[in-house]
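J.: I'd like to ask some things about the structure below.
The values are calculated or read from the model by the stated rules, or taken from the named source; none is laboratory data. Note that the structure is predicted; figures quoted are calculated from it, not measured. Neighbour counts are summed over all protein chains in view; Cβ atoms, including those assigned to glycine, are modelled from backbone coordinates with ideal geometry. Surface accessibility is based on the protein's heavy atoms, side chains included, excluding ligands, DNA and RNA. Shrake-Rupley method; radii C 1.70, N 1.55, O 1.52, S 1.80 Å.
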Amino acid sequence: MEKKPISIIGMPMDLGQGRRGVDMGPSAIRYASAQSLLEELGYEVEDIGDISVPSPESIQIGNPKLKYLTEIKDVCEKLSETVSSVVERKRFPLVFGGDHSMAIGTIAGVAKHYNNMGLIWFDAHGDLNTGKTSPSGNIHGMSLAVSLGIGDPDLVNISGYAPKVRPENTVIIGARELDPGEKELIAQLGIKVFTMHEIDRLGMARVMDEAIGIVSHDTDGVHLSLDLDGLDPKDAPGVGTPVPGGITYRESHLAMEMLAEAGILTSAEFVEVNPILDRENQTAKVAVALMGSVFGQKVL
């Protein structure tokens, strides 16, 4: 990957899901020495701080089918503007989170600079619900649908345009817990999903070869949205919605190494690190190790 200068943005968002603590994710990732690792790899790195996010205690939950909708919209607009300004300065936006609803803002800020962006969604979940299909009303389970132009207009139209990405340029990797409405939407849109069944059967190398081929075909940029719950909880215990039987630590590194070799990424975010549920900052350390692989770190 080209050693483009990197701008770190923290998004201490915990409004999009039901368990507290993920707002401390950006601090945990920083504490795990993310910036120093990237600098050791030869990158020029700046940390431009955190987006301001209100605490759940200070606001009303609002519509139970779209919890904290107004506040999530507002902070995602701010994140979108910040990410966009980073891209305008010819830098690589690297966002630390925070729950996965923040992807609405990250992708909105990046995609406005590309005519046809590819998206890799590394996650145990599809995040393809809407207010009508979500069993919880938590917006972190709607962020990919919103980015595809499906869902509440206030979220879909963040930054004044929609959709941000197209289904044929989107790949989900590591899915193992999908709601009925999400399965219907996947079939309707034809989104390529590599579940754990495909990863087990085909192997991560073939999965990534196919995924890279899809997201880089006729696209002019590729965003990585990596939810730490895509990994098995044994390797990444500090997440809010752990699902057993996930991608292993080594498989995850191989996936990131192959992305680095392909040289296609133009932005990335690492989300859902929850230090309260973690053990000795293990999950944040895993996130930083995977960043190392994304940005070219090798054993030899």
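J.: Taking the Cα-to-Cβ direction at residue 201 and at residue 19 and moving 7 Å from each Cα, how far apart do the two end points lie in nm?
T.: 3.0 nm
J.: Could you do me a favour and compute the accessible area per residue for the stretch 228-275, 1.4 Å probe, result in Å²? Show your work: numbers first, answer last.
T.: Values: 1380 Å² over 48 residues.
Per residue, the stretch 228-275 has an accessible area of 29 Å².
J.: Keeping every protein chain present and rolling a 1.4 Å probe, give me the accessible area per residue for the stretch 1-60 in Å². Show your work: numbers first, answer last.
T.: Details: 2800 Å² over 60 residues.
For the stretch 1-60, the per-residue accessible area is 47 Å².
J.: Just the C-alpha atoms of the stretch 2-124: what Rg/Rh do they give, with Rh taken as the Kirkwood radius? Intermediate results must be reported in sequence, preceding the final value.
T.: Details: Rg = 15.0 Å, Rh = 15.2 Å.
Looking at the stretch 2-124, the ratio lands at 0.98.
J.: Then there's this: For the stretch 116-157, what % of the accessible area comes from carbon and sulfur atoms, probe 1.4 Å?
T.: 50 percent
J.: Rounded, prolate or oblate for the chain? Axes are the square roots of the Cα gyration tensor eigenvalues, ordered a ≥ b ≥ c, and the cut-off for rounded is a/c under 1.5.
T.: In terms of gyration-tensor shape, rounded.
J.: Probe radius 1.4 Å, ligands and nucleic acids left out: which of 41, 15 has the largest accessible area, and how do the rest follow? Walk me through the intermediate numbers first.
T.: Values: 41 35, 15 0 Å².
Largest accessible area first, the residues go 41, 15.
J.: What number comes out for the charge environment of residue 295, summing +1 per Lys or Arg and -1 per Asp or Glu over other residues with Cβ under 13 Å away? Write out the running numbers ahead of the final one.
T.: Values: positive: 3, 4, 298; negative: 2, 39, 40, 44, 257, 261.
Here the charged neighbours net out to -3.
J.: What part of the accessible area of the stretch 220-264, given as a whole %, is carbon or sulfur when the probe is 1.4 angstrom?
T.: After summing per-atom areas, the C and S share lands at 61 percent.
J.: Just the accessible area for residue 53, please: 1.4 Å probe, Å², rounded to the nearest 10?
T.: Roll a 1.4 Å probe over it and residue 53 shows about 30 Å².
J.: So, one more: Hey, what's the stretch 70-191 come to in accessible area per residue, 1.4 Å probe, Å²?
T.: Details: 4010 Å² over 122 residues.
Heavy-atom accessible area per residue stands at 33 Å².
J.: Same structure, new question: Pulled fully out, how much extra length does the chain show between residue 279 and residue 59, if you take 0.36 nm times their separation in residues and subtract their Cα-Cα distance? Each step should come with its number before you reach the end.
T.: Values: separation 220, 0.36 × 220 = 79.20 nm, distance 3.02 nm.
So the chain would gain 76.2 nm between residue 279 and residue 59.
J.: Quote to one decimal, in nm, the extra length available between residue 2 and residue 157 on full extension: 0.36 nm per residue of separation minus the C-alpha distance between them. Spell out each step's value before the answer.
T.: On the way: separation 155, 0.36 × 155 = 55.80 nm, distance 3.20 nm.
Gain on stretching residue 2 to residue 157: 52.6 nm.
J.: Now for a different question. Is it possible to state the helix-based mean residue ellipticity at 222 nm for the chain, with each DSSP H run of 4+ residues giving -39500 (n - 2.57), the sum divided by total residues, to the nearest 500 deg cm²/dmol? What is it? Before the final figure, lay out each step's value.
T.: On the way: 11 runs with 108 residues, N = 300.
Value at 222 nm, helices only: -10500 deg cm²/dmol.
J.: Please report, to one decimal in angstroms, the Kirkwood hydrodynamic radius of the stretch 69-166 built from all distinct Cα-Cα pairs. Walk me through the numbers on the way to the answer.
T.: Details: mean 1/r = 0.0752 Å⁻¹.
When all Cα pairs of the stretch 69-166 are included, the Kirkwood radius is 13.3 Å.
J.: How far is it, in nm, from the label point at residue 234 to the one at residue 70 when both lie 7 Å from their Cα along the line to the Cβ?
T.: It works out to 4.7 nm between the two label points.
J.: Continuing with this model, one more query. Would you mind checking the pairs 90/298; 132/234; 164/234; 3/73; 3/183; 3/234 and listing those with alpha carbons more than 30 angstrom apart?
T.: Cα-Cα > 30 Å for 132/234; 164/234; 3/73; 3/183; 3/234; rest within.
J.: Tell me, what ³J(HN,Hα) does each residue in the stretch 164-172 have, in order and in whole Hz, if you take phi through Karplus 6.51 cos²θ - 1.76 cosθ + 1.60 with θ = phi - 60° and put x for Gly and Pro?
T.: Listing the rounded values in order: 8, 9, 10, x, 6, 9, 10, 10, 9 Hz.
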